[in-house]
Amino acid sequence: MTETLNSLRMRAERDGTHISGAERLVPIHQLEDAALKMVQRALQHPRGQAQQINISVEPIERAALQFGRLPDLHNNQVECWQQGRELATEMLVAFGVARVAVERAMTYLAAGAAPGGLSMRGAMLIDADSGERLEADPARGVRVSRMDLSCAVRQQLGPLLAGQGLNNPHVIEALTLAAKVVAAPTLAAELCWSDDPDYLAGYVASRNGGYQRISFLKAAGEERGGRAFFVRCSKDRLATLVDWLERQPFLIERIGRIHPARQWKADR
Ligand code: WAQ
Ligand code: MG
């Protein structure tokens, strides 16, 4: 395929507060349709109707594309968000993140990681050993961008996810983002839960541990959510990592496995 791809990005706000964002890589003949869907989404968002919507389109050079694979999806069913956060903590520790770093990240996400207790537009960068916060702007964070599924992977993925009751845009976008994140060598793991008040699932991910979906990571109605990227990277190489996450075009051409659901019983 030699067709030029375009980076299509959307960011929506209301009263200066972040509502939603989205990022795709699409050929020119799909731009109109994909941009329309992004605008519709910003106007119908559960966090509120957007007032200001920014859309940007930028061509990507085919030669600059890197290719990747989706992480394997594991579907962990927990009984409540408290149990989910315990499971997420143990998984991140097993992925090699220091417990203190996990606990700090969870505390920030639970309190709203942006100034004023709001959700950030992007992700926190957290030192995987010390738990120190490293991103330059604590309101914006780092926004992973310029990634997408190939058409073939998108077509294969839908029915596989549907078989597990997981064929929704949250799962597809989160898998896509996590695929790029875990491909960065200096990134140890990711923790995420949504800032949408009605979407209670989240995940942890790492290169070897895959995408570990957790059915509850927060309470219903909660609008504080976000992402933490646990990094093991010297401070002078941080800018290179951020640049790669934000700017490197990354196309996912291989699918991962979709494992059946696994039930976790609360030990109470
Ligand atoms: N780059 C970095 N951080 C981002 C990005 C991005 N491109 N997009 C969103 N975030 C951050 C930002 O702080 C948001 O507030 C937060 O993540 C949550 O974003 O398996 O829906 O789009 O069922 O609300 C995960 C579980 C759903 C999916 C995550 O996130 C599943 C979700 P949302
Ligand atoms: Mg959201």
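The values are calculated or read from the model by the stated rules, or taken from the named source; none is laboratory data. All values derive from a computational prediction rather than experimental measurement. Neighbour counts run over all protein chains shown; Cβ positions are idealised from the backbone, glycine included. Only protein heavy atoms, including side chains, enter the accessible area calculation; ligands, DNA and RNA are left aside. Shrake-Rupley method; radii C 1.70, N 1.55, O 1.52, S 1.80 Å.
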> Kirkwood Rh over Cα pairs of region 202-268 into Stokes-Einstein at 4 °C, 1.567 mPa s: D in µm²/s?
Replying inline: 82
> Relative to the first principal axis of the alpha-carbon coordinates of the chain, what is the inclination of helix 151-162, with its axis defined by its Cα atoms, in degrees from 0 to 90 and to the nearest 10?
Replying inline: 40
> If you project the alpha carbons of the chain onto the principal axes, what extent comes out on each, in Å, largest first?
Replying inline: 54, 40, 38
> In the chain, what percent of the accessible surface is made up of carbon and sulfur (1.4 Å probe, ligands and nucleic acids excluded)?
Replying inline: 50
> Equivalent-ellipsoid semi-axes (√(5λ), Cα gyration tensor) for region 66-175, whole Å, largest first?
Replying inline: 27, 19, 14
> What is the mean projected area of the alpha carbon convex hull for region 128-230, to one decimal in square nanometres?
Replying inline: 7.5
>> What's the magnitude of the charge dipole for the chain around its Cα centre, counting Lys and Arg as +1 and Asp and Glu as -1 at the beta-carbon? Answer in Debye, nearest 20.
In response: 320
>> Show me, bin by bin at 5 Å from 0, the whole-percent P(r) of region 1-73 based on Cα pairs.
In response: 3, 16, 22, 17, 15, 14, 9, 3, 0
> Which links in LYS37/LYS218; LYS180/LYS235; LYS235/LYS265 stretch past 32 Å when you go from one Cα to the other?
Replying inline: LYS235/LYS265
> With each run of n ≥ 4 DSSP H residues scored as -39500 (n - 2.57), what mean residue ellipticity at 222 nm is computed for the chain after dividing by its residue count and rounding to the nearest 500 deg cm²/dmol?
Replying inline: -9500 deg cm²/dmol
> Rg to Rh ratio, region 1-146, alpha-carbon atoms and Kirkwood radius?
Replying inline: 1.02
>> Using only Cα atoms and rounding to the nearest 10 degrees, what angle (0 to 90) does helix 81-94 make with the longest principal axis of the chain?
In response: 80
>> If amide hydrogens are placed 1.01 Å from N in the peptide plane, which non-local residues have theirs closer than 5 Å to the one on ALA188?
In response: PHE230, VAL231, ARG232
> Using the Cβ atoms and a cut-off under 12 Å, what net charge is assigned to the surroundings of ILE55, where Lys and Arg are +1 and Asp and Glu are -1?
Replying inline: +2
> Given the C-alpha centroids of region 132-184 and region 211-268, what is the distance between them in whole angstrom?
Replying inline: 8
>> What number comes out for accessible area per residue over the chain if the probe is 1.4 Å? Units Å², please.
In response: 46
> So what does ASP127 come to for accessible area, using a 1.4 Å probe and Å² rounded to 10?
Replying inline: 30
>> Going by amide H atoms built from the backbone, whose H comes under 5 Å of the H on GLY141, apart from near neighbours?
In response: GLY122
